[in-house]
Amino acid sequence: MAKGYTVWFTGLSGSGKSTLANRLAEIIRSRGQVVEVIDGDVIRRSLSKGLGFSKEGRDENIKRVGHVCSYLTATERVAIAACISPYKAIRNANRDLIGDFVEVYCKCSLDECAKRDPKGMYAKAFAGEIKGFTGVDDPYEEPENPEVIVDTDSEDINTSINKIVKVLERMDFLPEIETISAEEEEVIKKRLESLGYL
Ligand SMILES: Nc1ncnc2c1ncn2[C@@H]1O[C@H](COP(=O)(O)OP(=O)(O)O)[C@@H](O)[C@H]1O
Ligand SMILES: [Mg+2]
């Protein structure tokens, strides 16, 4: 089982990256792995403060996040990146840099993202108050071969999370939860009963 790896969420604003990244981190942590979420919004206020939203600015931002993930992965931790990361080439460069890389595409229609508009950004973008907003007047390049596609348009959060967890288990990145047999459960129940707990 690989010790460090990166789960890279990509998708439009409002497609569910942060929601799923944080939920996934809890699950990964509960299974004994050390995990860090690198959220685009936080990075834009810290490591990438002052960088713009031109193609160059976006690529530089994603390159920096890639370096952070590569450092965490190489030091046997789990990195979860949640950034729009609209350009394919830089995502693939990060895949090559990091190696143990699981790309999760949060697939959600622009209509649905704009309807959710969790930060009120689409309203501003459609009103022309924000220029170069991904999906509105800036490109988003869909991944060609992501390890996971979550249809966050139609699925509920649990369904999306289960899909991701299953793939991480199947790829041997995440240990499966040990399930106990009915007989073992009966033995435990009897023991607890005899001790007066049940
Ligand atoms: N399957 C799903 N996965 C993730 N989020 C979902 C899903 N279905 C509905 N949502 C909702 O969509 C919104 C996504 O917002 P957020 O996670 O902030 O997106 P992003 O980080 O991609 O901008 C949340 O309000 C969340 O509850
Ligand atoms: Mg987010």
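Read-outs throughout are calculated quantities, based only on the coordinates presented, and are distinct from any laboratory measurement. As the structure is a prediction and not an experimental result, all values here were calculated from the model. Backbone-built Cβ (ideal geometry, glycine too); neighbour counts: all protein chains shown.
For a straight C-alpha distance cut-off of 25 angstrom, the lysines reachable from LYS49 (same-chain residues fewer than eight places away being disregarded) are LYS17, LYS63, LYS88, LYS119, LYS124, LYS131. The H on the amide N of VAL34, modeled in the peptide plane, is under 5 Å from the matching H of VAL78, each at least 5 residues off or on a different chain.
Between 0 and 90 degrees, rounded to the nearest ten: what's the tilt of helix 157-170 against the longest Cα principal axis of the chain? That works out to roughly 70 degrees. Less than 14 Å Cβ to Cβ from ARG191, Lys/Arg counted +1 and Asp/Glu -1: what total charge do the surrounding residues give? Net charge in that neighbourhood comes out at -3. Only helices enter the 222 nm calculation for the chain: every DSSP H run of n ≥ 4 contributes -39,500 (n - 2.57), and dividing by all residues gives -14000 deg cm²/dmol, rounded to 500. Its Cα centre serving as origin, the range 5-194 has a Cβ charge dipole (Lys and Arg +1, Asp and Glu -1) of approximately 780 debye.
Based on alpha-carbon centroids, what's the gap between the range 137-155 and the range 37-81 in Å, whole number please? Spelled out, the Cα-based centre of one part sits 19 Å from the other.
Here the range 5-194 is described by how far its Cα atoms reach on the three principal axes: 69, 36, 29 Å, from widest to narrowest.
In this structure the amide hydrogen of PHE133, modeled in the peptide plane, comes within under 5 Å of the amide hydrogens of ASP138, none closer than 5 places in sequence on its chain. Packing around the peptides 137-146, 98-107, taken as the average count of other Cβ atoms within 10 Å per residue, puts them in this order, highest first: 98-107, 137-146.
What does the charge count around GLU178 come to, taking other residues whose C-beta lies under 14 Å from its C-beta (Lys +1, Arg +1, Asp -1, Glu -1)? Display every interim value, and only then the final one.
Numbers: positive: ARG31; negative: GLU169, GLU176, GLU184, GLU185.
Net of charged neighbours comes to -3.
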